[in-house]
Amino acid sequence: MTMSSNTPHPAIFNLGFRPFFAGASLLAVLTVAAWLLMMANIGGLISSNWWLSPADFTQLSPYQWHAHEMIYGYSMAVVAGFLLTAVKNWTGIQTLHGYPLGMLFGSWVLARLLWLFGEQWLTVAAFFDLLFNLSMMIAVAMPIIKTRQWRQMAILSKLVMLAIGNILFYLELFSGLSMGMHIALYGGLYLIIGLILTIGRRIIPMFIQNGVSYPVSLFNAKWVDLTSLAGLLGFFISEVFLSIPLLSSLFATIMLIITSIRLVGWYTHGIWKNPLLWCFHLTLFFIAAGFLLFLMSQWFGLSPFLSVHAFSFGAIGIMTMGMMARVSTGHTGRSFKTLPRSLLYALLILSLGAVTRVIMPVFFSAYYPHLVIISGILWLIAFSLFFLTFLPYWLQPRVDQKYG
């Protein structure tokens, strides 16, 4: 690893985005590769269990492991990297860096690795996983509280709820707590979508207006913001805790309408010239698609997993890759005008994978198992390309010789 100038630690620990984006991108490849092997084994395509696999656990299913690691492993790493970087900008206070950052990252890594070594290590994995959640909350909260930036409480509250969700997951795993995993997995998914909508409202219009080559004024209204907040909160409570289909459908309809208004109001033709702009618009498309597919699953018998993967593969996958690329470019002193060509290919391949996983099964349901495998392979290709492209960004000091 390259050492940053005048620091005793490797450059990868200069700022939170570096280790956590690297770890998240690598985990996106390794976890989905393991998942595809599990699916092939479950489907009878292969019969060997020669890899270390949570499929051998008796306390949870491979599906629960997959969902947990994509939400509380991958997504939380991206959230950690983004917030540890953004909070420094918001507050002007240096967030974790150097060896304290390395220790936080180490707790996340240990939790991911220990999951793979069987049930006897789950208690230790849970300890490091929850230690990571708690430590990250403290690291993000302290600068916010010190500078009294109370408007950031909406984001901090979601971190607290995600930590509670992870606790509930382990409580059901170890003690049989009823509904703990359901609340943890579905609640965690919708909380990440909530974070995307909250942060997206702040940054996407600004990025688009600054990123196109002509003046543009995008539509924003307070009533849209408030309706989006109330609609998602209502959907979250109804779907995660109450399980009232009619009420969930009502709130899903509200969110479909509001997200569609965002799609139209934030659109301008110039976004198609920059992958770091159209990827955010595509994120909104998959959020809207997620609510539409949810309604179709409620009333027309469509598989509910299409909605789940519209939110996860489509919205979270594309948004996190785009955001990691943007933060990694800007915070290493590089120009957005000279983005690597491989980033465009990675985002295109990932988007194709999302369409294959979410949209195509609606029309070609007979080929659903094959489409799942194909979409997984496209995910692997996209994130492998992304990881190899940005690994030098994360390992090397800023090109302008600044610290960060």
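The values are calculated or read from the model by the stated rules, or taken from the named source; none is laboratory data. Since this is a predicted model, take the numbers as computed values, not measurements. With ideal geometry, Cβ positions are generated from the backbone for all residues, glycine too; neighbour counts draw on all protein chains shown. Ligands, DNA and RNA are excluded from the accessible area calculation, which covers all protein heavy atoms including side chains. Shrake-Rupley method; radii C 1.70, N 1.55, O 1.52, S 1.80 Å.
Whole-Hz Karplus ³J(HN,Hα) for segment 107-122, in order, using 6.51 cos²θ - 1.76 cosθ + 1.60 and θ = phi - 60°, x for Gly and Pro?
Karplus values, whole Hz, x for Gly and Pro: 5, 5, 5, 4, 4, 5, 5, 5, 4, 7, 10, x, 5, 5, 9, 5.
Starting from 0.36 nm per residue, how many nanometres of slack lie between M142 and T227 once their C-alpha separation is accounted for?
27.6 nm
Please list the non-local residues whose amide H lies under 5 Å from the amide H of L302, H modeled 1.01 Å from N, same-chain partners needing a gap of 5 or more.
S297
Taking the Cα centre of the chain as origin and charging only Cβ (+1 Lys, Arg; -1 Asp, Glu), how large is the dipole, in debye to the nearest 20?
The calculation lands at about 1420 debye.
Using modelled amide H (1.01 Å from N, peptide plane; none on Pro or chain starts), what sits under 5 Å from the amide H of Q396, excluding residues fewer than 5 places away?
For Q396, whose amide H was placed from the backbone, there are no distant partners under 5 Å.
Heavy-atom accessible area per residue, the chain, 1.4 Å probe: how many Å²?
Roughly 43 Å² per residue, with all protein chains present.
Carbon and sulfur atoms: what percent of the 1.4 Å accessible area of the chain do they account for?
71
Any idea of D225's accessible area? Nearest 10 Å², probe 1.4 Å.
Using a 1.4 Å probe on the heavy atoms, I get roughly 40 Å².
For a test of the definition: using alpha carbon positions, the gyration tensor, and the 1.5 limit on a/c, classify segment 250-386 as rounded, prolate or oblate.
oblate
At 0.36 nm per residue, minus the direct Cα-Cα distance, what do V399 and L218 gain on full extension? Give it in nm, one decimal, please.
So the extension gain works out to 61.8 nm.
Of the chymotrypsin sites (Phe, Trp or Tyr not before Pro) in segment 149-233, which ones lie in a loop per DSSP and count no more than 13 other C-beta atoms within 10 Å?
When the chymotrypsin sites (Phe, Trp or Tyr not before Pro) of segment 149-233 are filtered for loop state and at most 13 Cβ neighbours within 10 Å, F219 remain.
Is the C-alpha gyration tensor of the chain telling us rounded, prolate or oblate? Criteria: a/c under 1.5 is rounded; beyond that, a/b larger than b/c is prolate, otherwise oblate.
Rounded, because the longest to shortest axis ratio a/c is under 1.5.
List the longest stretch of the chain that has no exposed loop site; here a site is one of the trypsin sites (Lys or Arg not before Pro) assigned by DSSP to anything other than H, G, I, E or B, with at most 13 other Cβ within 10 Å.
For trypsin sites (Lys or Arg not before Pro) (loop position, at most 13 other Cβ atoms within 10 Å), the longest site-free span of the chain is 149-401.
Taking 27 Å as the cut-off for C-alpha to C-alpha distance, list the pairs among K88/K158; K88/K273; K222/K402 that go past it.
Those over the limit are K88/K273; K222/K402.
Expressed in nm to one decimal, what extension gain is obtained for the pair V264 and S303 from 0.36 nm per residue of sequence separation less their Cα-Cα distance?
11.3 nm
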